[in-house]
Amino acid sequence: MVKEGTRGPDRIPDLRESAGMLGQEGGQRPVVRLLESLGRGLGVERVHLAEFVNEGRYLDGTYEWNAPGLAPAFGERRRLPLEAFPWWMDAMERGEPVRIATAEDVPDSATAERTLMAESGARAVLALPLFGESLGLLGFLAFVHTKRDRTWVDEEIHALAPAARLLAQRLECGALVRERATLSDRVRRLEEVGGLGVWEFDPDSGYTFWSPVAHRILRLPGYLPDPTLFDIFKRVHPAERDRTRRGILQILDDDQPFTLEFRLIPADGSEARVRYVEIRGEVVNAISGGRRIAGTLRDLTLARNLEEELTRSQRLETVGKLAGGIAHDFNSLLAVIQANAELLLAGGDVGPDGEEDLEQILGAARSGATLTEKLLSFVGTRSRSGGPVEANWLIRGVERILGRLLPENIQLRVETDTDVAMVGMDGGELEQVLMNLVLNARDAMAESGGTIQIRSQRVELEGPQILSPGQSINSGEYAMITVGDEGHGMSAEIRSRIFEPFFTTRKEGEGRGLGLSTAFGIIQQAGGGIEVESSPGNGSAFRVYLPVD
C-alpha cells in the first residue's frame, strides 16, 4: 500500500489499490473505507470528503473519517456557508491545493478559517479541490493532522490524485442524480400547475411514454402499461382520426413541429363525454441514437365548453332582445284592438252575431297578451311582485294539481328536504316554472309512460358555477329543485337550444315553444339558474337553483 519517500520518516502512499475499492460496491461504506485507507497511508488523524451543495452556496461534510478516539470535526454542524470562507474558496476556485503546515500559515484576515481550525483541533491541513467533467468545482478532499505540524510535498499530492479523481466522479454522479430528480420533480409540478401532459413516441419500436398528467387527460389507468400512439388513434373521434394520424406521422418526413386539436372518445364509446385535446410535437434526437417525436398534451374541454356556452348565451341574448322588442310592439297593437272591441260591445249597436264576433276578437287579444307576457318574462323586462315563498309548500300544492293532469301510465313522485326554506321569488312564478317542467316531462313520456320525480334539497355552492346554457350563478346557499323523467331524452344539439323562445321538438300546432323559455326567464329574474342533463334514451333531469331568502 505504501512506499518510502525521500523526506525522512514520512511515507508517500501508493493509492491506486485503495482507489479501486470504490468500484466494487455502492453506498457510503466503500467511501469511508477509502478515506480510512488514505488517512492511515498518509499518517493523518482525520480525512474529510466535503461537497458544495445548494448550487454551490454551502459546504456539506458529507463523509469523514477520524482516527480512533478522535471526535468528528463537523458533528451536528454539517453545513457551512461558503461565503464565510473567502480565503479558502479563492484557492479552491483556482484549482490549487490548500497547504497549511501550521496554524500560522492561515492569514489573520481569514477569520472563519482560523476559528474553524481552532474549534476542530486542526494543526496541519492539505485540501485538494475536486472537479467534475460536467459540473465543475464539486468540493474538496482534506487531510488533517491534529497532533503535529506537517509540510506537504508535491509527491504526496501527485500520489493522492487518482483517489481524488475517483471521489470527484463519485460526487458528480450523486449530484447529477439529485439534479435529475429535482428537475423531474419541477417538471412534474409544472405539468400539474399548467395542466400539460408530456409524451414521447419511438417510431422504430412503437413504444410511447405518457406522463401522469397525460394519463389523466387521456383517461388511461396509471397502473397499466403505456399504450402506443396507434392505440390512442383508435380513441380519436372517427371524423378526425385520419387527419390526426396524418398530421402526427407527417413530422417524420418534413421534421416540422405540429399542433393539432381533436376530440377524444372515452373507452366506453359514449359521445356524451367527449374531450377536446390539443397535442403538440416535434422531432428530437434520442441520446441512444435515432429520432423520436416528443411533445405535450393539453385538455381543452373546459375551454371549448365555455366557448360553446358563451355562443349559446349570446344567441339567447340576441333572440331575447328581438323577442322583447316584438313583444312590446305587439302588446301595443293588442291594447288598441282590445280597447276598440270593448268600446263596440259597450255601445250596444251591434247585433247578436256582431257581439259573438267581438267576443272572439277580445278572446284572441287576451290570448295574445298572455303570449307577450311570457315573452317579456323571458327577456326579464316584466316587473316582479310577491315573494318570498316556501318552496316545499308550493311543491306539495303543485303535486295535487298535477295529479289530475297526468295520464294513468305516468306516476308522480315528490321528495322534499326539510332543510329547504323560503326562496326569493313569487309563488305564482315558481308554480309556473314547475308546471312547465312537469308538463314538458309528461310530453316526453306520453307513449312510454314511467315516473316523474320532483325533488327539493338545500345545497351550498362554494364558488361560482357555470350552468348550461351560458349561465353562471354565484356562491351561496340555494334551494335545488330537480324535475326528472324517464322519457326519450335529448341530443346535445337539442339541449343547446332547449331554452330558446319558439324552439320546440313537437309537431306543428302542438306547442309554441315558450314553456321552457318562460321558465328560464323567470328563474334568471329571481337570481337563480337552470341546467339540464340528458342523453338519448336516458331521460332528462332539469335542475333549478333558487337563492334561499
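How large is ³J(HN,Hα), in whole Hz, for each residue of the range 52-62 in order, when computed from phi with the Karplus curve 6.51 cos²θ - 1.76 cosθ + 1.60 and θ = phi - 60°, using x for Gly and Pro?
Listing the rounded values in order: 8, 10, 6, 6, x, 9, 10, 9, 10, x, 4 Hz.
Once phi is turned into θ = phi - 60°, what whole-Hz ³J(HN,Hα) does the Karplus curve with 6.51, -1.76 and 1.60 give for every residue of the range 87-93, x standing for Gly and Pro?
5, 5, 5, 4, 5, 4, 5
Could you sort the peptides 147-155, 166-174 by per-residue average Cβ neighbour count (10 Å cutoff), highest mean leading?
166-174, 147-155
Can you give me the distance in nm between label points at Leu70 and Glu133, each placed 7 Å from the Cα along the Cα-to-Cβ direction?
3.4 nm
Of the listed peptides 480-489, 190-199, what is their order by residue-averaged count of other C-beta atoms within 10 Å, with the highest listed first?
Output ranking for 480-489, 190-199: 480-489, 190-199.
Once amide H atoms are placed 1.01 Å from N in the peptide plane, what residues at a sequence separation of 5 or more from Leu137, or on another chain, have their amide H within under 5 Å of its amide H?
It is Gly132, by chain and number.
Using θ = phi - 60° and the Karplus curve 6.51 cos²θ - 1.76 cosθ + 1.60, what whole-Hz ³J(HN,Hα) does each residue of the range 186-194 get, with Gly and Pro shown as x?
5, 4, 4, 5, 5, 4, 4, 5, x
Calculate, axis by axis, the spread of Cα positions in the range 427-476 along the three principal axes, and write the results as whole Å, longest axis first.
For the range 427-476, the Cα spread along each principal axis is 41, 24, 20 Å.
May I ask you to order 417-430, 33-46 by the average number of other C-beta atoms within 10 Å around their residues, highest value first?
The packing order, highest mean first, is 33-46, 417-430.
Non-local amide H neighbours of Ile410 (under 5 Å, H modeled in plane, Pro and chain starts lacking H): which ones?
Residues meeting the amide H criterion: Gly450.
Which of rounded, prolate, oblate describes the range 389-547, given a ≥ b ≥ c as roots of the alpha-carbon gyration tensor eigenvalues and a/c under 1.5 marking rounded, otherwise prolate only if a/b is larger than b/c?
oblate
Could you tell me what fraction of 2.2 N^0.38 Å the Cα radius of gyration of the range 117-193 comes to, as a two-decimal ratio?
1.58
Return the long-range amide H neighbours of Thr416 (sequence gap of 5 or more, or a different chain), with a cut-off of under 5 Å between placed amide H atoms.
Placed amide hydrogens put Ser456 under 5 Å from Thr416.
Read-outs: derived from the displayed coordinates by stated rules, not from any lab. The model shown is predicted, which means the values in this text are computed figures rather than measured ones. Positions of Cβ are generated from backbone atoms using ideal geometry, with glycine treated the same way; all protein chains shown enter the neighbour counts.
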